[in-house]
Amino acid sequence: MNELFIIWSILASQILLGLAMGCALFRIVRGPRAQDRILGLDALYINAMLLLLTFGIRTANSIYFETALIIAVLGFVSSIAFAKFLMRGEVIE
Amino acid sequence: MSHLTDLPIWAAIPVCLLLLTGSTISLIGSIGLIRLKTFYGRLHAPTLSSSAGTILICLASMIAFAVLQNRWIFHEVLIVLFVILTTPVTLMLLGQSALYRDRIEGSVDVPRKTTREEPNLSALDI
């Protein structure tokens, strides 16, 4: 009973996070301007990181948590680079 | 599922509640990304998933593995600290660049750049 409860709730939260990633992907595909697409990419990587955390809770594997940390770091750097590119037209001046 | 069966019921219920609440809040933030009309309104929506969703899901994971004691829970603390620190920086830069682009295009919806008044030195007769 107990383990069934927690497994189903992990599955439900994975489905909800997948739907959230779908909404962010819709904003990337549909976004009217470039900054909307970058905002969608930002939301997409945050939701992907949360999805990896739920996979990590399910399997108790430490690799998923390290992957989530790497995704957070690289997503931050990529969003900063995109925003600088929109502002200046080049990333490294 | 070997390790989740070892979780006692008093720890399983908060873990389930925190997981469901965090993922629901993330979904609400992403729906706001679709439904809000302007870019500057949309800029606020994904902060729900990056603040509340991250904190709640990392808290669920920390409770689960602190009770089970089979993993070191340092990763979650690092993830929460990093995401909380970096999200305002990212969104501030993105908002600045969007404002710059809108001003370049001459959009009337954004506030104009305020010009700082230069002190008139000749009028002061210095």
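Farthest toward the positive end of the dipole of the protein assembly as shown, out of B:Trp72, B:Ala45, B:Ile9, is the Cα of B:Ala45, where the dipole comes from beta carbon charges about the Cα centre. Start at zero, step by 5 Å, and the Cα-Cα distances of the protein assembly as shown spread as 1, 7, 14, 17, 16, 12, 9, 7, 5, 4, 3, 2, 1, 1, 1, 0, 0, 0 percent across the bins.
Listing B:Ser26, B:Ser51 from the residue with the fewest other Cβ atoms within 10 Å to the one with the most, what is the order? Please list the in-between numbers first.
Numbers: B:Ser26 32, B:Ser51 18.
Ranked by crowding around the Cβ, least crowded first: B:Ser51, B:Ser26.
In peptide B:100-111, how many Cβ atoms from other protein chains are near each Cβ within 10 Å, on average?
Values: counts 3, 5, 2, 0, 0, 1, 0, 0, 0, 0, 0, 0.
Taking the mean over all residues of the peptide, I get 1.
Quickly estimate the mean residue ellipticity at 222 nm for chain A, helices only: each DSSP H run with n ≥ 4 gives -39500 (n - 2.57), and the total goes over all residues, rounded to 500.
Details: 3 runs with 82 residues, N = 93.
-31500 deg cm²/dmol, from helical runs alone.
How would you classify chain A from its alpha-carbon gyration tensor, with a ≥ b ≥ c the square roots of the eigenvalues: rounded for a/c under 1.5, else prolate if a/b is greater than b/c, otherwise oblate?
Details: a/c = 6.30, a/b = 1.92, b/c = 3.28.
Oblate, because a/c is 1.5 or more while a/b does not exceed b/c.
Dividing the summed helix terms, -39500 (n - 2.57) for each DSSP H run of n ≥ 4, by the number of residues in chain B produces a 222 nm estimate of -21500 deg cm²/dmol to the nearest 500. Summary of the geometry: the range A:41-66 and the range B:47-71, compared by the centres of their Cα atoms, lie 11 Å apart.
Look at A:Leu74, A:Leu17, B:Leu4 and count the other Cβ atoms within 10 Å of each Cβ; fewest to most, that gives A:Leu74, B:Leu4, A:Leu17.
Here the range B:4-107 is described by how far its Cα atoms reach on the three principal axes: 62, 26, 12 Å, from widest to narrowest. Karplus-derived 3J(HN,Hα) values for the range A:19-29, using 6.51 cos²θ - 1.76 cosθ + 1.60 with θ = phi - 60°, are 5, 5, 5, x, 5, 5, 5, 4, 5, 5, 6 Hz; glycine and proline are entered as x. Evaluating 6.51 cos²θ - 1.76 cosθ + 1.60 at θ = phi - 60° for every residue in the range A:67-74, the Karplus couplings come out as 5, 5, 5, 5, 5, 4, 5, 5 Hz, glycine and proline recorded as x.
Read-outs: derived from the displayed coordinates by stated rules, not from any lab. Quick caveat: nothing in here was measured; it's all calculated off a predicted structure. Note that we place each Cβ from the backbone using ideal geometry, even for glycine, and neighbour counts take in every protein chain shown.
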